[in-house]
1. Could you give me the percent of Cα pairs per 5 Å distance bin for the range 6-73, shortest bin first, beginning at zero and ending with the bin that holds the maximum distance?
2. Can you order the peptides 29-35, 17-23, 48-54 by their average number of other Cβ atoms within 10 Å per residue, highest first?
């Protein structure tokens, strides 16, 4: 994942990586976020922080990522 250290990614299971990738891709597609660059790096860091915290399901991560995008990434 862009913007996330290799050590953190190495600690995740394949299923966790797949889930995070699905959420990342869904948000990038929905909001037309390029896969490279500042916006995608911010999204990746947000997802990792949210996953490390209280959000551990795909549904909860998607909901949080939608909110994050609308408040922190979207152009005014």
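1. 3, 17, 33, 27, 15, 5
2. On the way: 29-35: 11.9, 17-23: 16.4, 48-54: 14.3.
In descending order of packing, they fall as 17-23, 48-54, 29-35.
Since every read-out is calculated from the coordinates, none of them should be taken as a lab result. Since this is a predicted model, take the numbers as computed values, not measurements. Because the Cβ atoms are built from the backbone with ideal geometry, glycine has one as well, and the counts that use them run over all protein chains shown.
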